[in-house]
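Single-structure report; data block below.
Please treat every number below as a calculation from the coordinates, not as lab data. Fair warning: this is a prediction, and the values are worked out from it, not measured in the lab. Ideal geometry is used to build each Cβ from the backbone, glycine not excepted, and the neighbour counts take in all protein chains shown.
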Amino acid sequence: MIYELRVRSFTGTRERSGDFRGLTRRLEYLKRLGADCLWLIPIHPSPLEDDGYDVADYCAVHPDYGTLEDFKAFLAEAHRLGLKVLMDLVLNHTSERHAWFEESRSSKEDPKRDWYVWRKDNTGYSGIGVIFRNKESDNWEWDPRTGEYYWHRFYKTQPDLNFENPEVVEATLDVADFWLGLGVDGFRLDAIHCLYEKEGTSCEHLPETHAYLKKLRRFVDGRHEGKVLLAETVGSTDKIRPYFSGGDECHMAFHFPLAAYLFYGLATEDAGAVRRCFEGFDPLPEDCAWGFMLRNHDDLAIKFLTEEERSVMKRAYAPKPGMVLNDGIRRRLSPLLGDDPSDVRLAHALILSLPGSPVLYYGDEIGMGEDLSLPDRFGLRTPMDWDEAERQERDPASLLSWLRKALSIRKAHPALVRGECRFLDPGNPKVLAFERSLGGRKILAFFNLGRSTERAGTGMTERVSVGDLWTGETRGLDPRVPLPPRSFSWFELPG
Ligand code: GLC
């Protein structure tokens, strides 16, 4: 399991930022929970116009979080506990306060002028949508100093780097090398589909971007062993799948459609919504995996759903004004699901059993709430509630204790982690059923997305004896299994 966290919130309060020393002291908690890997959202010096996704210096740590030495001590302790660490690598853009941009905007003759995307007018790449429509109305920004416009896909304080310039490409490889050299285990590649621009295209997912990723992968593999590249590209599966290419680009990519369709399936009691996420796509290359996350630090992406599906989602999950932000729904997991323990557990169990790596957003293990009075996406990034985490660690009936158990069962059954996945037809549209198999071990998983008890066919004609992974007991399984509302079951079949 990959645990996503924001250093500022993890051990901080509303008044005081969390830091690497605090995080280091909390690593045992993450280990006890069952995390294998941490993903840190950006930790670099930044004016924080986009919570650190506006990097002002790639090779340093934001002073609020401590020093580079504190980071190294954190990394050493994480590794001692067997936790890997992924960092966010924000390549598409820098902060306008990055020295590269300050030089670039200083004059048209500056050697770094061409490190960013400058134009005399703002007519280029027309028709490219504005992502952060809550704050921006154009992807071009006028810069009075030199009388030209620069391109930005995100906030105007985040000018896009020009990847057509080979010096930029080299500089980004140097950044990767710096952190991997310190022992970081890999990167989440932020907004990776936006790297290149080309007239007459959508300026997303361009062949040049894939060529760059192949180069980055060769560079990383050539200089470091066992590192991971994880693509963040929001879109439909056909757009995301190419980031694995033939096993020579990213090792992982977030499966954004799964989260959207999982919630859609819960709202409509339609298990097919989840199953369809996996139909019609080539199996992933060896050593590649999907990253499944229910929620993260951004709004829940629903842009790639049909208009009708989007309205179902908004009705179900964004009933109040302010819950929709740009193209997404800004809610945390537990409130999104009405703080219903069965729904929350079912959603977690699904991403723990489908073929991929589960990604957990800090606080979602304790059902943390949201504060929608905060602007933009900050309502989802409030300080970790340690009192609640400690209370739940002591309570065997808590969500946290449940999740710890679920994660330990998953770890104890490699078929659930790496097994081949075969979807079954349970003869009931509200039930998702699949089999994960590895080395002769077979696990049968059922999920009832229905709000009533449902029966699911096992595909077998007679009663068989199975191991119930949750209770550890052996029991007889009828050819039609009864499943309580919003419940799941994991059974090990006899070998
Ligand atoms: C990614 C991040 C988001 C950020 C954006 C621009 O989508 O997840 O938080 O605002 O990129 O860097």
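Please determine, in degrees from 0 to 90 and to the nearest 10, the orientation of helix 207-223 with respect to the longest principal axis defined by the Cα atoms of the chain, where the helix direction is its Cα long axis.
Value to nearest ten degrees: 80.
Once phi is turned into θ = phi - 60°, what whole-Hz ³J(HN,Hα) does the Karplus curve with 6.51, -1.76 and 1.60 give for every residue of region 147-152, x standing for Gly and Pro?
x, 9, 9, 10, 8, 9
With axes computed from alpha carbons, what is the tilt in degrees of helix 399-412 against the longest principal axis of the chain, rounded to the nearest 10 within 0 to 90?
Helix 399-412 and the main axis of the chain meet at about 80 degrees.
Quick query: amide H of Glu148 versus all other amide H atoms, modeled in the peptide plane; which residues come in under 5 Å with a sequence gap of 5 or more or a different chain?
Under 5 Å from the amide H of Glu148 lie the amide H atoms of Asp143, each far enough along the sequence or on another chain.
List Ser334, Ser487, Ser353, Ser311 from most exposed to least, where exposure is judged by having the fewest other Cβ atoms within 10 Å.
Ser311, Ser487, Ser334, Ser353
If you rank Phe434, Phe263 by fewest surrounding Cβ atoms within 10 Å, what's the result?
Phe434, Phe263
Can you tell me how much longer the chain between Leu438 and Asp287 gets when fully stretched, taken as 0.36 nm per residue apart minus their C-alpha distance, in nm with one decimal?
52.9 nm
What are the ³J(HN,Hα) values, in whole Hz, obtained from phi via the Karplus relation 6.51 cos²θ - 1.76 cosθ + 1.60 with θ = phi - 60°, for each residue of region 290-295 in sequence order, with x given for Gly and Pro?
Ordered by residue, 3J(HN,Hα) equals 6, x, 9, 10, 6, 9 Hz.
Taking the Cα centre of the chain as the origin, how large is its charge dipole in debye, to the nearest 20, when only Lys and Arg (+1) and Asp and Glu (-1) carry charge on their Cβ atoms?
Dipole magnitude for the chain comes out near 1600 debye.
Taking the alpha-carbon distance from Lys314 and a cut-off under 14 Å, which aspartates and glutamates remain once sequence neighbours fewer than 8 residues away in the same chain are dropped?
Lys314 reaches Asp299, Asp327.
In the structure displayed, which of Lys156/Lys214; Lys135/Lys215; Lys112/Lys156; Lys84/Lys303; Lys112/Lys135 lie more than 23 Å apart, Cα to Cα?
Correct reply: Lys156/Lys214; Lys135/Lys215; Lys84/Lys303; Lys112/Lys135.
In the chain, with Lys and Arg counted as +1 and Asp and Glu as -1 at Cβ, which of these residues, Ile131, Val169, Gly472, has the Cα nearest the positive end of the dipole, that is, farthest along it?
Gly472
5 Å is the cut-off here: which amide hydrogens, built 1.01 Å from N in the peptide plane, fall below it relative to Glu454, excluding neighbours closer than 5 in sequence?
It is Leu483, by chain and number.
Between Ala60 and Asp371, what is the label-point separation in nm under the 7 Å Cα-to-beta-carbon projection?
That separation, rounded to one decimal, is 2.9 nm.
Give me Rg/Rg_expected for the chain, where Rg uses Cα atoms only and Rg_expected = 2.2 N^0.38 Å with N residues.
Here the answer is 0.99, to two decimals.
Loop-only check: which chymotrypsin sites (Phe, Trp or Tyr not before Pro) in region 264-340 are DSSP coil with at most 12 other Cβ within 10 angstrom?
Working: sites: Tyr264, Phe278, Phe281, Trp290, Phe292, Phe304, Tyr317; in loops: Phe281, Phe304.
Within region 264-340, the qualifying chymotrypsin sites (Phe, Trp or Tyr not before Pro) (loop, at most 12 other Cβ atoms within 10 Å) are Phe281.
Taking the Kirkwood radius as the inverse of the mean 1/r across Cα pairs, report the Rg/Rh of region 455-495. List each step's numbers first, then the result.
On the way: Rg = 10.0 Å, Rh = 10.6 Å.
Rg/Rh for region 455-495 comes to 0.94.
Students often get this wrong, so check it: of Lys405/Lys430; Lys31/Lys227; Lys108/Lys198; Lys31/Lys405; Lys120/Lys198; Lys411/Lys442, which have C-alpha atoms separated by over 18 Å?
With Cα atoms farther than 18 Å apart: Lys405/Lys430; Lys31/Lys227; Lys108/Lys198.
If you keep only loop residues by DSSP, which GluC sites (Glu not before Pro) in region 187-217 have at most 15 other Cβ atoms within 10 Å of their Cβ?
Details: sites: Glu197, Glu199, Glu204, Glu208; in loops: Glu197, Glu199, Glu204.
When the GluC sites (Glu not before Pro) of region 187-217 are filtered for loop state and at most 15 Cβ neighbours within 10 Å, Glu199 remain.
What shape does region 386-433 have by the C-alpha gyration tensor, where a ≥ b ≥ c are the square roots of the eigenvalues, rounded means a/c under 1.5, and otherwise prolate means a/b greater than b/c and oblate the rest? Could you put the intermediate results ahead of the total?
Working: a/c = 4.39, a/b = 1.95, b/c = 2.26.
Cα axes put region 386-433 in the oblate bin.
For region 19-127, which GluC sites (Glu not before Pro) are in a loop by DSSP, counting at most 10 other Cβ atoms within 10 Å?
For GluC sites (Glu not before Pro) across region 19-127 that sit outside H, G, I, E and B with at most 10 neighbouring Cβ atoms in 10 Å, the list reads Glu109.
Would you mind telling me the antiparallel percentage of the DSSP bridges in the chain, rounded to 5?
Approximately 60 percent, going by the DSSP bridge assignments.
Place the peptides 477-484, 31-38 in order of packing, highest mean first, counting for every residue the other Cβ atoms within 10 Å and averaging per peptide.
Most protected by this proxy first, the peptides run 31-38, 477-484.
Name the residue farthest towards the positive end of the dipole of the chain from the options Tyr155, Thr11, Phe491, assuming +1 on Cβ of Lys and Arg, -1 on Cβ of Asp and Glu, about the Cα centre.
Phe491
By count of other Cβ within 10 Å, fewest leading, how are His348, His93 ordered?
Final ranking by Cβ density, sparse to dense: His348, His93.
Using the crude model of +1 on Lys and Arg Cβ and -1 on Asp and Glu Cβ, and no other charge, please compute the dipole size for region 62-127 relative to its Cα centre, in debye to 20.
In total the dipole reaches around 240 debye.
To the nearest 10 degrees, how steeply does helix 166-182 sit against the main Cα axis of the chain, on a 0 to 90 scale?
The two axes meet at around 50 degrees.
For region 251-326, what is the charge dipole size about the Cα centre, in debye to the nearest 20, if Lys and Arg each add +1 at the Cβ and Asp and Glu each add -1 at the Cβ?
440
Per residue of region 423-432, what does 6.51 cos²θ - 1.76 cosθ + 1.60 with θ = phi - 60° give for ³J(HN,Hα)? Whole Hz please, x for Gly and Pro, Karplus curve as stated.
After applying 6.51 cos²θ - 1.76 cosθ + 1.60, I find 6, 10, 9, x, x, 8, x, 8, 10, 9 Hz.
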